[in-house]
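Here is the structure we will look at.
The values are calculated or read from the model by the stated rules, or taken from the named source; none is laboratory data. Remember, predicted model here, so these are calculated numbers, not experimental data. No Cβ is skipped: glycine too gets one built from the backbone with ideal geometry, and neighbour counts run over all protein chains shown. Note: accessible area is taken over every heavy atom of the protein model, side chains too, but ligands, DNA and RNA are not part of it. Shrake-Rupley method; radii C 1.70, N 1.55, O 1.52, S 1.80 Å.
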Amino acid sequence: ARVLGATPCVDPTLPDGDWPPTDATRYPHEVGKLIVIGPILDVREVNAQTQDALLAAPWAATVEVNIFLVGVRVTCAATREAAHTGYMPRRSDVQNCTWDVLELNDRQKLFPRCVGIGTTPNQIPSLGWHQVHIPLNIPPEELADIPELHVWCFSSEMCGNDRCVMPASSEGKVIKLRGGVETLEGRWSGTVSTAFPIRVQLAGDYGIGTMWPRIKVVKSGGICQNEVLVKGAVGLSCPGTPSGKCEPEPRAFKQLGYGAAQELLWDGIQLPNAGSYEVCYCDRHYEEACLVWVNIGTVKVLGPFVQTARFAGNPGVNFELPVNGIGLERTDRLRIVPQAYFCNVNFVLGTWSPPADSSTSNASSSNESTSGAETRRLNPVDWRSGAPAFSNRTYELFEVVIEEEDTYNICWCGGERVCSQPEDFIAQVGMLQVERKRDCSLTEWWVVMECNRKCGGGEMTLRRSVSVWPTGGGKECPGEQALVRTDQCNMEACPLARVDHIWTEPEDIHAEEPFRVHIEGLNLEPTEDRMLLVAQGVACGSSQVHFGGAACTQEGSYGEHLICGDGTRSIRVKSEGQYKICFCDASASMIESWDGTHNISSGEFSAAGLESMGCSNAAMYLLTAPLGGTPEEPVDSSKITVLEKRVEDVAAQDETDLSTGVVVAVTGGSATAVIVLSACIGFYCYMRWKDGHMPKKIAPQPDPRWAEEADTMPKLALGDALPGGMDMKQLAWYEAYYQSLGYPPGTASQAMGPTPAIGAAPAALALPAPPPPVQADFSQQQRMLALQNAPRPPMALPLRPPPPTPPTAIGTSPRVKTPPTPPMIGRRNSMGTSPRAGTPGGLGKSFSELVAEAAKKAPPPP
């Protein structure tokens, strides 16, 4: 009930929900508790009173978190100082505490910098207390100034407002930083394949127990976090990954009294090879993975280096065996036993028993093993050495004599061992092969690859192989390179090439159009010889100025006839004019003499064995065709004339320009005048085209018989209907199309127009529709201008066009009776046959005869 005159608990002038109240002391009655929870309920230090306590060390710290939500990952961060009083850290503050200060916002800059941050690698599977390890990065010189750490933890799950950090205080969870391992620069030593212990001293306040500490031994100079356990180690076992947890756990010893020193012991460790190794320590694990491996010192293993090399000796002959290692002494000894037995095998008067029976005396006279184990009666070689003939701390040399041929193990004994019993020889330092001395033997040379040149000096490859491999220290076989050799061959000088005649294809050459050059003669080489174009008045080989050239490797080239240029991209000349064709005989190009004093021709005897310069220089193009004809009228076949570039007929374009100009001129007039004038000019252009102006200008000369047939065709007016529904516009398009392909005017009219022989039968020519034209060459592009201004054809007109190239006479070389056999671009024998031709190159039947035959066939169904 509201009491008149009473002061309200909340200032009524404040908006609803704003706090604090007017007077907090007026709320003296406790009515219950409110708990706000998230994924983490609490954070605590690992109990130092239990055996598995994980106290904070300079390299890592561990806390326990009470998980309220299953399947989360937890992140914890440690700082060297608390946050400002009243500062409530948020997730973003803790998460970014290792960032550079310049990358933080104003609030995050108030949170202290972290010395370490760590996250559980897997999702936590159950509720309750779980450990979180934090790797630390504290410089050693600062450890004395950091007595304690402040830890905060969070989980990103159920943290939408960024306020899920535990403990929810400015101080965090305070844990004491302990001394950890005092042996950080330890020095241990041992002997090859001999057990030795590793002892690790702990600080008096670091009672970590034995459940967590582990060690591993890695190669010298390696980084503990990145290296695996050294191969062949005994007494330690680790997974194959650098972060794997090693076994076994140590034994712990604690000395009572002042300082309460503690020690961890791993014993029974053996390393198979002499050398220096790194010892690594870890005491934080997530299941089978170690969090941080710390280097705590080195171990030096004395003895020989285990060698995989094989030594050789001859039976009954004194030979030397070297041994390399660390800490070698004159008390070291060698034992040599057959390869079938281990180094520490125990021989008992001709019987062998397993190494486990090593207590059996070597001097026993019994023929059976005293242990009762199974024995085998043997008579193996068991050679023992005396003191080495030469010895220092890193090298020993033993003199050996073995009578029987066999393969043996070389065993070493040293260090603190007496070397009187077989089991004292614990390290195998190599293999020994005792056999009769035999040198390497090779086969004769045989040819692998024939000579690559017929003359002028070539190369051939020969090879040999090993027939007898060396044994007993005999002469070694040469390497692979010594089994292959390259010899010179066909050193006689090449005959000089002779050029008899040169001709081009096509005969008429236009600028920027490709053509080929045919060269006839003797001793020509298609793979190396080349041709070059120079100015008409320039002597071949006298100038470096040229107009391009080409190789003569085209199909059909051989020793008496070369085809130079591919006919599509080469050869081309940009400008019209007269040029000379020069030829390079690659095998006879000028070359430098063996002593470098002068140049000679490889066609001479003195050039035998020397390699020519080829056709890389314009000065090597010295040959050309001789003059032919008569003295009164000489003919130079090396001279070619390049005509001017073909240009498209610009008449239609001029008319189009005229039409456009008239339209522009009368822009200010009425629209009706413009339309009428444009229509008149367009009709005039069409009539010009209809008269065959453009096709007649660019098409080749028609055959006289075609012209006669065209003159006999009846004339129809524009728009007259033809049989089958075709009008003159459609016929005009086909007429222009046939002419663009090189056929004379009137071809389409003969095929589709009304002739006495056809009647109403053109519809019977039910041929396939014209396919899309292929990309034309330069001359085809010019002829296709006839189509640009022609009316478009009906899409359903079923008529196939004639062949793309009209039948024309193909020229041949005046030096040969028949054209070259290989097909070439532009040759008649490489093209399809004309519908007018019965045979390639012949005219065959006329179009009138063909159409008459088609008229006799039944018309196609409608």
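Using R0 = 41 Å, the C-beta based FRET efficiency linking Thr527 and Ser575 works out to 0.85. Taking all protein chains as they are arranged and a probe of 1.4 Å, the heavy atoms of Met460 leave approximately 40 Å² accessible to solvent.
Per-residue Karplus couplings for the stretch 206-220, computed as 6.51 cos²θ - 1.76 cosθ + 1.60 with θ equal to phi - 60°, are listed in order as 10, x, 7, x, 10, 6, 9, x, 9, 10, 8, 10, 10, 5, 5 Hz, Gly and Pro entered as x.
Ligands, DNA and RNA left out, the 1.4 Å accessible surface of the stretch 394-437 is 40% carbon and sulfur atoms. Among the GluC sites (Glu not before Pro) in the stretch 479-526, those placed in a DSSP loop whose Cβ has at most 15 other Cβ atoms within 10 Å are Glu492, Glu507, Glu512.
Each label was represented as a point 7 Å from its Cα along the Cα-to-Cβ direction; for Glu185 and Thr25 these points are 6.4 nm apart. Here the simple spin-label model places points 7 Å from the Cα toward Cβ, and for Glu141 and Asp162 these points are separated by 3.7 nm.
Report the FRET efficiency, 1/(1 + (r/R0)^6), for Ala6 and Glu148, where r is their Cβ-Cβ distance and R0 is 51 Å, rounded to 0.05.
Efficiency, from the Cβ-Cβ distance: 0.50.
Ranked by the mean number of other Cβ atoms within 10 Å per residue, highest first, peptides 432-445, 88-101 order as 88-101, 432-445.
For the stretch 429-446, backbone phi angles converted through the Karplus equation (6.51, -1.76, 1.60; θ = phi - 60°) give residue-by-residue couplings of 9, x, 10, 10, 10, 9, 7, 5, 6, 8, 7, 5, 10, 10, 7, 6, 6, 10 Hz, Gly and Pro being listed as x. Among the listed pairs Lys219/Lys254; Lys173/Lys216; Lys219/Lys245; Lys109/Lys245; Lys33/Lys109, those whose Cα-Cα separation exceeds 27 Å are Lys219/Lys254; Lys173/Lys216; Lys109/Lys245; Lys33/Lys109.
Maximal additional length on extending the Asn318-Arg199 stretch stands at 38.2 nm, based on 0.36 nm per residue less the C-alpha distance. In this structure, the amide hydrogen of Val429, modeled 1.01 Å from its nitrogen in the peptide plane, lies closer than 5 angstrom to those of Ile410, Cys411, Trp412, counting only residues at least 5 positions away or on a different chain.
Extension gain for the segment Glu492 to Ser126, taken as residue separation times 0.36 nm less the Cα-Cα distance, is 122.6 nm to one decimal. With R₀ set to 45 Å, the beta-carbon distance separating Met449 from Val234 gives a calculated FRET efficiency near 0.20. Using only the C-alpha atoms, the convex hull of the stretch 96-220 corresponds to 211 Å³ per residue.
Which residues in the stretch 184-212 have a backbone N closer than 17 Å to a point placed 7 Å from the Cα of Lys254 along the Cα-to-Cβ line? What the label zone holds, given the 17 Å backbone N cut-off, is 200-212.
Between Ser465 and Asp100, full extension at 0.36 nm per residue minus the direct alpha carbon distance yields a gain of 124.6 nm.
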